[in-house]
Amino acid sequence: MKAGLIVMAAALATASSALVAAQLYQWKDPQGRMVYSDQPPPASVKNSLQKSFKGNVIDGNDSYATQTAREKYPITLYASACGAPCDQARQLLTERGVPYSSKDPQASPEAQDALKKLTGRASVPVLVVGSDKIDGFEAGQWQGALDRAGYPKSALPGRKPAPQSAAVPAPAPATP
């Protein structure tokens, strides 16, 4: 029992050590040489510098490829409760793990104006990948646009992002 606790404490200490900010010390030794160390200088050293460094950890739940693609080619989905095409559009983006902003032209006059400015009409779904737009849902076209932008082909296991702004869900079928 005690050995298990010791092993667990050692594993926890090892795992959490990467999360602590690293310290670097700089000073001159008695011979005048510059010394760099992660250990504090001896007490006899009068002038030393101490610098802190943050860990090198990528924040967020997205893969590096997704983060890079999102920075270069952000995704906006114009969709409403239009039925199968809008549902399939959302499903494709979710299955690929693509983070996207969702705009509903039926619910927002600003989104409707933006869509009309973008396409000249108010039909949905419309996918905007960076500065490219695809009017209407066609899985092959959408997959190709996402591939060209560098988005991964599928979401990381257990990580299917929700849209950045909630889309209006399709109405539930009426029960008799």
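The values are calculated or read from the model by the stated rules, or taken from the named source; none is laboratory data. No experiment lies behind these values; they were computed from the predicted model shown. Note that each Cβ is placed from the backbone with ideal geometry, even for glycine, and that neighbours are counted across all protein chains shown.
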- Item | Filter result (in contact with a Leu (Cβ under 9 Å, 6 or more places away or on another chain), more than 11 Å from Pro74 (Cβ to Cβ) and in a strand (DSSP E or B)) within the stretch 123-138 | Val126, Leu127, Lys133, Ile134, Asp135
- Which of the residues spanning the stretch 67-82 are under 12 Å from the mean Cα position of the chain (by Cα) and among the hydroxyl-bearing types (Ser, Thr, Tyr)? Thr68
- Taking only the stretch 87-100 into account, find how many residues are at pLDDT 90 or above and surrounded by fewer than 22 Cβ atoms within 10 Å (Cβ to Cβ). 5
